[in-house]
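The structure appears below as structure tokens.
Since every read-out is calculated from the coordinates, none of them should be taken as a lab result. Please read these numbers as outputs of a predicted model, since none were measured by experiment. Cβ placement follows ideal geometry from the backbone for every residue including glycine, while neighbour counts extend to all protein chains displayed.
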2 protein chains.
Amino acid sequence: MLESRILDQLKTIVGSENVATERQDLLCYGYDATQMEFLPDAVVHPGSVDEISQILNLANAENIHVFPRGAGSGFTGGALPKGGGIVLVVTRLNRILRIDTENLIAEVEPGVVTEQFQMEVEKLGLFYPPDPASLKFSTLGGNVAENAGGPRCVKYGVTRDFVMGLEVVLPTGDIIRTGGETYKGVVGYDLTRLLCGSEGTLGIITKIIFKLLPLPEAKKTMLTIFDSIDGAARAVSTIIGNKIIPTTLEFMDHATLQCVEKRFNLGIPEIGRAVLIIEVDGDRELIETQAARIQELVRPLGLVECKVAKDAAESEALWKVRRLVSPSLRDVNPDKFNEDIVVPRSKVPDVIRRIEKIQQRYDIPIVNFGHAGDGNIHVNVMIDKTVPGMEEKAHQAIGEVFQAALDLNGTMSGEHGVGLAKQPYIHLELKGAQLAAMQAIKKALDPKNILNPGKMFPVKS
Amino acid sequence: MLESRILDQLKTIVGSENVATERQDLLCYGYDATQMEFLPDAVVHPGSVDEISQILNLANAENIHVFPRGAGSGFTGGALPKGGGIVLVVTRLNRILRIDTENLIAEVEPGVVTEQFQMEVEKLGLFYPPDPASLKFSTLGGNVAENAGGPRCVKYGVTRDFVMGLEVVLPTGDIIRTGGETYKGVVGYDLTRLLCGSEGTLGIITKIIFKLLPLPEAKKTMLTIFDSIDGAARAVSTIIGNKIIPTTLEFMDHATLQCVEKRFNLGIPEIGRAVLIIEVDGDRELIETQAARIQELVRPLGLVECKVAKDAAESEALWKVRRLVSPSLRDVNPDKFNEDIVVPRSKVPDVIRRIEKIQQRYDIPIVNFGHAGDGNIHVNVMIDKTVPGMEEKAHQAIGEVFQAALDLNGTMSGEHGVGLAKQPYIHLELKGAQLAAMQAIKKALDPKNILNPGKMFPVKS
């Protein structure tokens, strides 16, 4: 509970209509896409960067923890107010401030929904490639804070690659600008990219300058079914080895295909062990040539079937199998842990085989799909929390999955971040002086450990 | 002067043949591409990461400053041992450790020369795009430390965009790994990109993992001459606005053309006020289409002449005008300050006009050329140091040039960094809490201010 004089100060800063302390309001801001829940003491909805700065000044003076939050769509609890404090919701800052078609940049506030931004720039013939699965509701501030990815990243890069500059309220309440309106810029440390993916622990993003691209003229979608996981993986290497970098190279393993087929009966051949959805984009003629070349390249690799979409409607139909994955998974078991390991792309078959062994050892269904082009695999550990002991077993299995990725020179997470969910495993990846350097940076920018404390890794104030 | 017991310790670490204290040796490592010179107390050539770690441990224990150095080709004094101490040369670490054609990554030591690396990956059909002008002698470690750019960055991005992971010796002597072999990765803070462009103040880079691309099939070079600077600038916007992102968009202003013409008589029409060298690369057929389209687009913009290279030899001939710029400049005046401001690309004509006014006001020749595609202009302030007062006047003029770039939402430096040379102006760009955040990070990672002290911005130990 916050003292009433502090609540009064918050109300003075943001207006009393923008401070909530009723239980039903607190409940709405205590959860995210994990299955965790923590109630804050108050929820505030500031309307400007100055109000955010004042809230952090107050928080520092009174030693109150502040948890920045966008749409709350994160998979690792990065926005959850564990230990209590103030949830600071940035969704009132939701304007697209400008789209500069001459310099191919846009300036936005953090509360803009990703898909809405994409649609606005596309109207002008421009393109913002990062496409996290949550794009219909996640916000750009959250995308930057988590360094969001998505299927198109294999060709275009991740959110970080499109952030040119930021306005940020530091944990101390100071407002700073980082980077700017030019893509090149080497004056001072790269605070812009340090903040990307810092999960709301180093500052609250209040403005973002994005780099945009010209919108590709056309795209072409293919669905390819292989008789082995190695065939699909070799297809990925072969395509890229032949100098074609597709926009997306989405992969589904046998377990995933079985789930989707059992539930929706799409007619995937029984012999199919892995699916790749391959999309190329760009010049209309070039992508026709590329699509033909891709079919030629993958044919000898155990190709069972290849469907090529002739138009947008057919493309949508091919993507259907991918979109039906999530609803199908619930048939396996009601609860899931959704991890997102990455390995160098040539090691995808190896890590899938290791995961199969882990699954057998723990007798827990694990279903894998994801972005084969950059080796980013969504590992879905399917459990039933009502079965005694199953959740604990799942956590052990996940630890082994992470270790398998790390043993193959990979990482525990390519998109979701650490937050609270992956902290029990963080010591597997971040060690000794590397972790100490990160902790020292956090301490340097947030001496009282006010901002989103307890996230990513432990830090003492 | 270092005490002899410390020299003995250094010799024990790296071998006595790798420690130099003779004046002629110190002279060789006390200069760079600026006209500054500072003598170190000793020069050491470690042969391994462990030796570098031991040197930094010793430096911390004894409070000795350490200045990491690659090829010493920097333009801002970033490697210069101002105040004395140990110059730590990394050029013995010069192996390309592996080039992984399946995952399109390479692992190298910092002392590899940029062009040598490019040639090796190109032999395998791969591509490392960053192309600083110094690539024939600069080293990859220095490229990362300075976040080097080059003409091709408009399409492909800067050095930072190709760095996936690092091995680094922190100022404290601790050896850490950052990032890794996967392009996606969001576990912990992005130390990789924090180190890119940190100018050797936060760590000594001992290994680099680079992302590579498939080598483009072909390229096509065009030289276009315009009757006004605005025409050339509109050409840049028009080409990009029409969804063609050329590999390079190199620009030379009227003063530059006059220098080159006067000295080398290349036959540039007198009416020509600006030149753009435009290069496109990629699919052989597509670039033919793009080259034709570019000619069509730029024709109405005051195009005086357009030459299109038919083959590699003709392409080389077109680039000649650009390569002759530097030797021509010396005819204007013997000494130059070579700055590299950046503005949003639509503001290039505006900043050039402001620079012309500054030149008139100070009566000092200023010659501009550079990378118009990303608004990165090399501003060459040509002086004669033997003329009393001219150097001081030049410094004032440079301050105004920087302010002009900043007023147009640009930056003081896109490629060269701050080092020592730009420190007198740093307060124009980095202010208050923004600068304080950077200073706090430096202090967090280098509490005794041992590593490359006095560079970029002032920090107290």
Simple spin-label estimate for residue A:100/residue A:443, 7 Å along Cα→Cβ, in nm, reads 4.0 nm
Which value in nm describes the separation of the simple spin-label points at residue B:311 and residue A:395, placed 7 Å from the Cα toward the beta carbon?
-> 7.0 nm
Under 15 Å from the Cβ of residue A:21, count the other residues' Cβ atoms, weight Lys and Arg +1, Asp and Glu -1, and hand me the total.
-> -3
Measure nothing fancy, just the Cα-based angle from helix B:254-264's long axis to the longest principal axis of chain B, in degrees from 0 to 90, nearest 10.
-> 90 degrees
Net charge near residue A:294 (other residues with Cβ under 12 Å of its Cβ; Lys, Arg +1; Asp, Glu -1) is +1
Integer Hz, Karplus 6.51/-1.76/1.60 couplings in order for segment B:52-63, x for Gly and Pro | 4, 4, 5, 4, 5, 4, 4, 4, 5, 5, 9, 6
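Per residue and in cubic angstrom, what volume does the convex hull of the Cα atoms of segment A:154-251 have?
Working: hull volume 15.2 nm³, N = 98.
Hull volume over Cα atoms, normalised by residue count, gives 155 Å³.
Please give the calculated 222 nm ellipticity per residue for the protein assembly as shown, where each DSSP H segment of at least 4 residues contributes -39500 (n - 2.57) and the sum is spread over every residue; nearest 500 deg cm²/dmol? Before the final figure, lay out each step's value.
Details: 32 runs with 328 residues, N = 922.
Estimated from H runs of four or more residues: -10500 deg cm²/dmol.
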Inter-chain shielding of A:436-448 (mean C-beta neighbours from other protein chains, 10 Å cut-off) = 5
Treating only the Cβ atoms of Lys and Arg (+1) and Asp and Glu (-1) as charged, compute the dipole magnitude of segment B:96-214 about its Cα centre; round to the nearest 20 debye.
-> 240 debye
Calc'd 3J(HN,Hα), segment A:221-231, phi into Karplus 6.51 cos²θ - 1.76 cosθ + 1.60 (θ = phi - 60°), Hz, glycine/Pro = x, comes to 10, 10, 10, 10, 10, 10, 8, 7, 5, 5, x
Average other protein chain Cβ within 10 Å of Cβ, residues B:153-159 = 2
Charge context of residue B:383, other residues only, Cβ under 14 angstrom, K/R +1, D/E -1 = -3
With θ set to phi - 60°, apply the Karplus curve 6.51 cos²θ - 1.76 cosθ + 1.60 along segment B:316-330 and write out the HN-Hα couplings as whole Hz, x wherever there is a Gly or Pro.
-> 4, 4, 5, 5, 4, 4, 5, 5, 7, 4, 4, x, 6, 4, 4
What number in nm² do you get for the protein assembly as shown if you take the convex hull of its Cα atoms and divide its surface by four?
-> 38.3 nm²
Nm distances between copies for residue B:16, ranked from closest, using label points 7 Å along Cα→Cβ | 8.4
What's the Kirkwood radius of segment A:334-419 in Å, using all Cα pairs?
-> 12.7 Å
Determine the shielding of peptide A:99-105 by partner chains: average, over its residues, the number of Cβ atoms on other chains within 10 angstrom of each Cβ.
-> 5
Out of residues 5 or more away from residue B:206 or on other chains, whose amide H comes under 5 Å of its own, with H placed 1.01 Å from N in the peptide plane?
-> B:167, B:168, B:169
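Using the reciprocal of the averaged 1/r over all distinct C-alpha pairs, how large is the Kirkwood radius of chain A in Å? Mind dumping the intermediate values first?
Details: mean 1/r = 0.0431 Å⁻¹.
Computed over chain A, the radius equals 23.2 Å.
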Fewest-first sequence of B:160, B:299, A:5 by Cβ atoms within 10 Å of each Cβ = A:5, B:299, B:160
Give the Debye-formula value of log10 I(q)/I(0) at each listed q (0.11, 0.18 Å⁻¹), with one equal scatterer per alpha carbon of segment A:4-91, two decimals each.
-> -0.26, -0.70
For segment B:96-214, what Kirkwood radius comes out of the mean inverse Cα-Cα distance, in Å?
-> 14.1 Å
Can you list, bin by bin at 10 Å, the percent of alpha carbon pairs in segment B:271-413, starting at 0?
-> 10, 34, 32, 18, 6, 0
Show me A:148-156, A:394-402 ranked by packing, highest mean number of other Cβ atoms within 10 Å first.
-> A:148-156, A:394-402
Can you pull out the trypsin sites (Lys or Arg not before Pro) in segment A:238-272 that DSSP calls coil and that have at most 14 other Cβ atoms within 10 Å?
-> none
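For B:161, A:384, which order do you get if you count the other beta carbons within 10 Å of each Cβ and list the fewest first? Working shown, then result.
Working: B:161 19, A:384 13.
So the residues, fewest neighbours to most, are A:384, B:161.
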Extending each Cα 7 Å along its Cβ direction at residue A:423 and residue B:242, get the distance between those two points in nm, one decimal.
-> 5.6 nm
Tell me which residues come under 5 Å, amide H to amide H, from residue B:273 once H is placed; ignore anything under 5 positions away on its chain.
-> B:226, B:227, B:228
Give the long-range amide H neighbours of residue A:188: residues separated by 5 or more places, or on another chain, with amide H under 5 Å away, using H modelled in the peptide plane at 1.01 Å from N.
-> B:418
Mean Cβ count within 10 Å, highest first, over the residues of peptides A:106-112, B:9-15 = A:106-112, B:9-15
Copies of residue B:353 compared via label points 7 Å along Cα→Cβ give distances in nm, shortest first, of 6.7
